[in-house]
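Please read the structure below before turning to the comments.
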Amino acid sequence: MKNKVALITGITGQDGSYLAELLLEKGYIVHGIKRRSSLFNTDRIDHLYQDPHDPDQRLKLHYGDLTDSMNLTRIIQEAQPDEIYNLGAMSHVAVSFDTPEYVGNVDGLGTLRILEAVRILGLEKKTRIYQASTSELYGGMPENKNERGFYDESSPFYPRSPYGVAKIYGFWITKNYREAYDMFACNGILFNHESPRRGETFVTRKITRAVAKIALGLQEKVYLGNLEAKRDWGHAKDYVRMMWMILQAEKPEDWVIATGVTTTVRDFVRMAFEVVGIQLEFKGEGVDEKAYVKACSNKDYQVEIGKEVLSIDPSYFRPTEVDLLIGDPTKAKEQLGWVPEHDLRDLVQDMMEGDVQLMKKDVDLLKAGHEILKQAE
């Protein structure tokens with residue numbers, strides 16, 4: 001049987017790397033698009049990419065960019081993919097306020113470029129397309145929730161960031177091409193999903209890295225923004241599995257990918273510290289809220305009782321804050337049989353274990369450096 005062929009934009013990101021793993025396990029030939037950089041940016045997929053000269057190598061990488069339509073068209077023509085997963089994006093909500101034109105070009109028009117390339121190449125009957133949409137489309141507007149208090153596939157959109165606005169264009173142009181050209185093009189409205197591979201600037205990874213450093217004595221405290229913000233956090237492994245399931249469905253539709261459980265940033269912080277045996281006590285309100293060490297039960301991570309380990313930095317508040325996002329995955333569960341295999345505590349445990357091991361390497365390097373200095377004396 002001939003191997004299926006998939007093309008993933010954003011393959012070097014969190015979702016792209018997990019999806020590549022999944023598809024390779026299923027026997028796919030996987031083409032990935034990565035942006036040219038003077039720095040190595042393939043660390044998330046290096047374990048998958050062996051010798052590029054090996055004829056049996058099923059992972060093939062291409063230089064490309066979602067702002068370059070000619071380049072995208074050439075890659076799609078060469079790969080002749082059965083499935084395209086458009087995961088590439090400028091996905092940092094706060095940064096989108098600083099780079100609104102760029103995020104519109106990449107996240108909005110980038111989606112159009114892929115759809116139009118497939119149409120121009122005459123692949124609309126062969127190639128199925130997954131567009132990574134986002135819960136930021138909803139904007140957290142309470143009046144737009146369904147009767148159960150969740151956002152689902154029929155909830156109205158009200159994006160509250162340049163990122164959300166750009167993604168809403170990607171959503172509707174995907175839907176438009178599906179209806180206008182009878183393409184198998186689907187939107188997956190992903191709620192927040194994290195992992196040890198999450199980018200370091202995202203709040204969950206910022207928290208787990210900081211907690212690991214504090215526990216190991218490498219950092220004094222962490223500064224955060226809105227602790228009241230609530231998110232529906234899932235594990236990226238579960239979400240990429242749903243992406244694949246969407247393109248195996250009988251007909252093209254749009255789907256919410258979520259856990260249906262919401263948690264505050266404050267509780268995420270609390271859970272992260274608990275993984276290393278540290279209990280916190282929060283005091284104060286608003287910008288004056290701080291967190292202190294209440295107890296420390298792990299002998300490997302002894303932090304002084306009463307030590308301040310968290311403060312609020314108002315500069316981290318967004319111009320228009322989305323306070324609450326929670327999705328309704330009922331359609332995905334009932335029609336595709338998708339059930340998350342990881343809950344939030346599993347996710348936090350996974351992220352903390354990864355960052356503790358990562359930060360221990362820094363401790364080992366510091367010790368080695370001190371030893372070299374001693375010997376030099």
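Can you tell which of LYS221, LYS283, LYS237 is farther than 22 Å from LYS26 by Cβ and in contact (Cβ under 8 Å) with a residue 60 or more places away in the chain?
On the way: LYS283 fails: in contact (Cβ under 8 Å) with a residue 60 or more places away in the chain; LYS237 fails: farther than 22 Å from LYS26 by Cβ.
One residue alone meets the criteria, LYS221.
Against the condition touching a residue at least 60 places away in the same chain (Cβ under 8 Å) and β-branched (Val, Ile, Thr), how does ILE120 come out, does it pass?
Judged against the criteria, ILE120 is not a match.
All but one of (1) in contact with a Lys or Arg (Cβ under 9 Å, 6 or more places away or on another chain); (2) modelled with pLDDT under 95; (3) in a helix (DSSP H, G or I) hold for VAL118; which doesn't?
(2)
Show the residue pairs that are 6+ apart or on different chains and have beta-carbon atoms under 9 Å apart, the first residue being within the stretch 287-301 and in the same structural domain as GLY277 (by TED's automatic domain parsing), the second being among the aromatic types (Phe, Trp, Tyr) and modelled with pLDDT of 95 or more.
What qualifies is GLU289/PHE282; LYS290/PHE282; ALA291/PHE273; ALA291/PHE282; TYR292/PHE282; VAL293/PHE273.
Having 1 or more residues that are surrounded by fewer than 17 Cβ atoms within 10 Å (Cβ to Cβ) is the bar; report the helices (runs of 4 or more DSSP H) wholly within the stretch 129-248 that clear it.
So the answer is 162-181, 236-248.
Among the residues of the stretch 239-288, count how many are aliphatic (A, V, I, L, M) and out of contact with any strand residue (DSSP E or B) (no Cβ under 6 Å at 6 or more places or on another chain).
Of the residues in that region, 10 qualify.
Against the conditions (1) buried (at least 19 other Cβ atoms within 10 Å of the Cβ); (2) under 30 Å from SER17 (Cβ atoms), where does ALA291 fall short? Just the number, please.
(2)
Go through the stretch 275-290 and give me each residue that's of a type in the set (Asp, Glu) and within 13 Å of VAL309 (Cβ to Cβ).
To start, the set of residues in the stretch 275-290 that are of a type in the set (Asp, Glu) comprises 281, 285, 288-289.
Passing the criteria: GLU281, GLU289.
Are there any helices (runs of 4 or more DSSP H) wholly within the stretch 9-111 with 3 or more residues that are in the same structural domain as PRO159 (by TED's automatic domain parsing) and modelled with pLDDT under 95, and if so which? Even if it seems obvious, please write down each step before you answer.
Details: elements: 14-25, 69-79, 93-96, 100-103.
Where helices (runs of 4 or more DSSP H) fall fully within the stretch 9-111 and carry at least 3 residues being in the same structural domain as PRO159 (by TED's automatic domain parsing) and modelled with pLDDT under 95, they are 93-96.
Is it true that some residue in the stretch 268-287 is assigned to a helix (DSSP H, G or I), under 17 Å from the mean Cα position of the chain (by Cα) and aromatic (Phe, Trp, Tyr)?
Scanning the stretch 268-287 turns up at least one residue that is assigned to a helix (DSSP H, G or I), under 17 Å from the mean Cα position of the chain (by Cα) and aromatic (Phe, Trp, Tyr).
Could you tell me which numbered condition GLU250 fails, if it satisfies all but one of (1) touching a residue at least 60 places away in the same chain (Cβ under 8 Å); (2) under 30 Å from ALA20 (Cα atoms)?
With (1) touching a residue at least 60 places away in the same chain (Cβ under 8 Å); (2) under 30 Å from ALA20 (Cα atoms) applied to GLU250, the lone miss is (1).
The values are calculated or read from the model by the stated rules, or taken from the named source; none is laboratory data. Model, not experiment: these values are computed from the prediction. Neighbour counts are summed over all protein chains in view; Cβ atoms, including those assigned to glycine, are modelled from backbone coordinates with ideal geometry.
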